Amino acid sequence: SNTCEWCAAGIESAQEILQDLDSSLFSWWLERLKNGENIVIEDINALPPEASNEKSLLQSQGIKSLLVVPICLKNSELVGFLG
């Protein structure tokens, strides 16, 4: 679930549509974040076929590029991400 969101003036909030998403649909994304990797997407059209769910979600929000940074505890447990 999306617990926090900041939007620039004139940008519509997406927080409500990002609640209770099934994390199993985003395995490409989560695999990288759980490994502590940043996800750098310069062009969503260049995402690999296995990231088709992530691509669809980003396209539905009009996102063309994105940086995602994992938030992990000291024991490397993923607790969230920024992006």
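Once amide H atoms are built 1.01 Å from N in the peptide plane, which residues 5 or more positions from Asn2, or in another chain, come under 5 Å H to H?
Under 5 Å from the amide H of Asn2: Gln19, Asp20.
What does the helix-only formula give at 222 nm for the chain: each DSSP H stretch with n ≥ 4 adding -39500 (n - 2.57), the total divided by the residues, and the result rounded to the nearest 500 deg cm²/dmol? Write out the running numbers ahead of the final one.
Working: 2 runs with 17 residues, N = 83.
Result for the chain, helices only: -5500 deg cm²/dmol.
Can you tell me the order of 14-20, 37-43 when each peptide is scored by its average per-residue count of other Cβ atoms within 10 angstrom, highest first? Don't jump to the answer; show the numbers that get you there.
Working: 14-20: 11.0, 37-43: 13.3.
Final packing ranking: 37-43, 14-20.
Using every pair of alpha-carbon atoms in the stretch 24-82, split the distances into 5 Å bins beginning at 0 and state the percent of pairs per bin, rounded to integers.
Each 5 Å bin holds this share of Cα pairs: 4, 19, 28, 27, 13, 6, 2, 0.
No value in this document is a laboratory result; all are computed from the given coordinates. On a predicted model such as this, the values are computed, not experimentally measured, just so you know. Glycine also receives a Cβ, built like all others from the backbone with ideal geometry; neighbour counts cover every protein chain displayed.
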